[in-house]
Amino acid sequence: MNTDSKPRIGIILGDVAGIGPELVAKLLSDESVFDKAKIVLITDQRHWEAGVRIARTTPRTPMQITQWEEIPTREEDFLLLHLPGVDPASVPMGKVDSRAGKYVLESILFTLELIKKGLIHGFLFAPLNKESMHKGGSPFGSELDLLKHHLPNHEALEEINILDEYWTMRVTSHVAFRDVPSLITPEGVYRAIRFLHRAMVSYGKQNPRIGVAALNPHGGEHGLFGDEEQTKIEPGIRKAQQEGIMVSGPYPADTIFLKLRDGALDGIISMYHDQGQIATKLLGFNRGVTYHAGFSVPITTPAHGTAFDIAGKGIADPGATRHAFYILCRIAQNRTPHP
């Protein structure tokens with residue numbers, strides 16, 4: 001690949017008390033990643049070195065820079081933009097720590113500024129810990145809320161979960177279960193279908209087959225167990241079908257994921273958080289990727305957490321991080337040409 005055509009991908013290490021630095025060190029020890037993208041690692045040099053030691057690997061040495069203005073002037077495929085942070089030796093591994101959370105927050109905010117300046121074409125963040133970030137000063141309940149606030153010119157809805165080639169999204173997310181029925185509307189169902197469809201097309205899936213889950217048991221049994229299917233879900237499906245989107249349903253939630261597994265569907269819209277997440281995590285929790293679509297650049301992260309129980313042991317599986325990276329590169333590459 002011509003190096004001028006490769007997207008420039010920003011990466012942060014996530015919570016330094018977790019497995020993030022190790023995962024990124026393992027990812028970037030694979031030389032093939034540099035065939036896909038130019039890497040800008042945004043971190044304190046000490047955090048990178050700690051991750052390499054834990055991973056017991058030997059990645060190439062990045063070119064260290066200290067100013068964001070240097071990014072577009074460098075020809076190297078691997079830059080480390082030094083962002084001073086907490087001394088990793090002072091942060092205990094495997095524990096919630098406000099200093100680690102504060103540095104993750106600072107790293108994300110700094111990277112978002114690079115996005116606004118047009119200096120990176122995609123953003124991968126290693127696992128973070130919401131409690132640590134909250135203690136470190138973040139007022140947001142999730143990283144998606146943080147992204148929406150600091151990248152205001154967006155079209156983001158909810159996160160998309162990707163497992164291998166299975167794509168899922170939900171109409172409602174982090175809300176009380178008692179509020180779910182009132183938050184489902186025909187327009188909300190339609191917007192979710194359209195959002196997932198566009199995201200899958202941007203990845204390269206032409207005419208993806210999307211299935212929509214019902215809300216009630218057995219799909220409501222024609223109103224016997226509720227009428228949300230007829231009054232709220234079906235109208236949203238019909239509107240999307242009128243635009244040429246290959247979408248069908250609503251299917252009973254207890255069988256729809258069998259259609260995905262068996263290849264009859266490419267993606268699923270669920271009605272609420274656990275309806276989709278339970279099935280996805282059972283199919284392969286450690287392989288999942290979270291994709292934050294709807295921003296000016298694609299943003300991905302492995303779907304698993306910081307794994308404090310194995311942090312520092314060098315045994316973390318980089319599979320989901322690797323998949324998050326390749327999804328990110330593919331979407332970024334499919335977008336506008338990269339200077």
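Some observations on this one:
- Pairs where the first residue, in segment 258-281, is within 20 Å of residue 246 (Cβ to Cβ) and the second is surrounded by fewer than 16 Cβ atoms within 10 Å (Cβ to Cβ) and basic (Lys, Arg), C-beta under 7 Å, 6+ apart: 266/205
- Meeting the requirement of 3 or more residues that are within 20 Å of residue 156 (Cβ to Cβ), the strands (runs of 3 or more DSSP E) wholly within segment 239-339 are 267-270, 288-292, 299-302.
- Evaluation of residue 273 against (1) surrounded by 22 or more Cβ atoms within 10 Å (Cβ to Cβ); (2) touching a Phe, Trp or Tyr at 6+ places or on another chain (Cβ under 9 Å) (one fails), failing number: (1)
- Residues that are part of a strand (DSSP E or B) and either surrounded by fewer than 24 Cβ atoms within 10 Å (Cβ to Cβ) or at pLDDT below 95 (or both), drawn from segment 111-128: none
- Just one of the listed residues (144, 151) is touching a residue at least 60 places away in the same chain (Cβ under 8 Å) and farther than 23 Å from residue 321 by Cα, namely 151.
- Considering residues of segment 131-173 that are surrounded by 17 or more Cβ atoms within 10 Å (Cβ to Cβ) and out of contact with any helix residue (DSSP H, G or I) (no Cβ under 8 Å at 6 or more places or on another chain) only, the residue farthest from residue 96 (Cα to Cα): 148
- Set side by side, the residues 264, 240 differ, and just one is of a type in the set (A, V, I, L, M, F, W, C), modelled with pLDDT of 95 or more and over 22 Å from residue 184 (Cβ atoms), which is 264.
- Check on residue 147, at pLDDT 95 or above and among the hydrophobic types (A, V, I, L, M, F, W, C): yes
The values are calculated or read from the model by the stated rules, or taken from the named source; none is laboratory data. Since this is a predicted model, take the numbers as computed values, not measurements. Because the Cβ atoms are built from the backbone with ideal geometry, glycine has one as well, and the counts that use them run over all protein chains shown.
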